[in-house]
1. Of everything in region 37-55, what is under 17 Å from PHE107 (Cα atoms) and open to solvent by less than 10 Å² (accessible area, probe 1.4 Å)? Give them in sequence order.
2. Taking SER87, is it touching an Asp or Glu at 6+ places or on another chain (Cβ under 7 Å), surrounded by fewer than 23 Cβ atoms within 10 Å (Cβ to Cβ) and of a type in the set (S, T, N, Q)?
3. Need the failing condition index for LEU288 against (1) under 21 Å from ALA354 (Cα atoms); (2) open to solvent by 40 Å² or more (accessible area, probe 1.4 Å), just the number.
4. Go through region 94-118 residue by residue and tally those that are free of Cβ contacts under 8 Å to residues at least 40 places away in the same chain and either of a type outside the set (D, E, K, R) or surrounded by 18 or more Cβ atoms within 10 Å (Cβ to Cβ) (or both).
5. Of the conditions (1) assigned to a strand (DSSP E or B); (2) surrounded by fewer than 20 Cβ atoms within 10 Å (Cβ to Cβ); (3) β-branched (Val, Ile, Thr), THR148 satisfies every one except a single condition; which number is it?
6. Among the residues of region 123-143, write down those that are loosely packed, with under 15 Cβ neighbours inside 10 Å and in contact (Cβ under 8 Å) with a residue 40 or more places away in the chain.
7. For region 27-61, give me each residue that is among the charged types (D, E, K, R), over 10 Å from GLY192 (Cβ atoms) and not in a helix (DSSP H, G or I).
8. Mind listing whichever residues of region 56-75 are of a type in the set (S, T, N, Q), under 17 Å from PRO189 (Cα atoms) and either in contact with a Ser or Thr (Cβ under 6 Å, 6 or more places away or on another chain) or open to solvent by less than 50 Å² (accessible area, probe 1.4 Å) (or both)?
Amino acid sequence: MIIGGNRVGRFPGLEGMDKGRMMEEKRIVVVGGGASGLVAAIVAARLGAPVLVIERMQRVGKKILATGNGRCNLANRFLSLDRYHSSDRGFVERVLGRFGLEQTLDFFRELGVETREEEDGKLFPLCGQASSVLDVLRYELDRLGVETLCDVRVQSVEAGSRGLSCVCTDGQILPCGRVIVATGGKSSPNLGSNGGGYKIAQGLGHRVVEPFPALVPIHLNAPFLKRLSGLKVEGGVCARVRGESRRTEAGELLFTDYGISGPPILQVSRLFSQAAICGWEAAVELDLFPRWSEVDLAERLARRFQEQAGKPLEFSFVGFLHKRLVPVVLKESGIESKGPCERLEPAAVKRLAALLKGWKIPVTGTESWMHSQVTAGGVELSEVEADTLESRLARGVYFAGEALDVDGDCGGFNLQWAWSSGQVAGTAAARSVLSNSL
């Protein structure tokens, strides 16, 4: 039998109602065919449970293909709790403790994926292809007889006298013994995440911490953005919220016509998303010369202006600062760009050094969900069992991945959470349904 272009061959209707009903009672439905859902399905099937994966897109794993710029940064050597954000880090610790980095690497090694380590501990497939990760996951699903039902949306999970049922928007009602909600968050909706899992959770009585974009470019309030659009520079970043320094990062920065992006910006962006939601004043502070102190930079500038005596001020920066930045930083420092550089007053040199070391630009918000890599917020953790990821409000329902109020930094931490939470949920759901206990 073909449903939605996929095999659904071993479920009710083929082998008699009694056997079909028994299969329904033992079946685990995984809602969402992303990273956490696929691992949950594999783990549950390995333990002997019949598993059906329902995916709203036309195929599973589309977001996996996009991770790591198409190379899949599947984990990080320096796995640490301080790289995660949630209302309960102890919850995160318990999940990662059950399926951590070494277990993850062993899992993928057994599937055929060797890894290589790059800067900052980032781990990628040795072949450099995200498709290899999805390929081995899909192969394992097929080997285990896991069924997939694509291009179908689950709108709710209902509990009845005979157990649970997934109610789909196309009218299908799929009975099952356990449900794992692994629908992702709201980031990159074109790849499958549209917040549907939150509606399922709320329908079961769960509270959802308001989701907001994380790992996302930010918007700035500045008149010079079009002049700098496309410019890349190395520098430091400090996120300032309500006047306080909240987090610092460093690396390549990319100016855009609406604001700024780059790895350091993505790492601090969740702070600016929160600020926008709360209506707090926020600013990004750029350090364009992180190797030197402000005093050292001022001395270097003063010496340079004397050594370049006779040259126009703007031209004296050639070889020292990107030429597109020069007129902008001079104007922002209140310095007239005309005239020879040696005539610049010491006070003006200090202002210039101060700006280059701490250029504060107001932040007005972030880019949309379409441009965010991960979702912050999600199902309230206090309503979920940390050791099993089972709902405390709807027995037999489990949550995994971004559906929960957990998000990580850039660098493989979010995929690690997906693998870990998927494994924990899949293991617990399978053991529960096979022992026939709720």
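The values are calculated or read from the model by the stated rules, or taken from the named source; none is laboratory data. Model, not experiment: these values are computed from the prediction. As a convention, Cβ positions derive from the backbone with ideal geometry for all residues, glycine included, and neighbour counts pool all protein chains shown. Please note that ligands, DNA and RNA were not included when accessible areas were found on the heavy atoms of the full protein model with its side chains. Shrake-Rupley method; radii C 1.70, N 1.55, O 1.52, S 1.80 Å.
1. GLY37, LEU38, VAL39, ALA40, ALA41, ILE42, ALA44
2. Here the answer is yes, as SER87 does meet what is asked.
3. With (1) under 21 Å from ALA354 (Cα atoms); (2) open to solvent by 40 Å² or more (accessible area, probe 1.4 Å) applied to LEU288, the lone miss is (2).
4. 6
5. That leaves (2) as the condition not met.
6. Within region 123-143, just GLY128 meets the criteria.
7. ARG27
8. THR67
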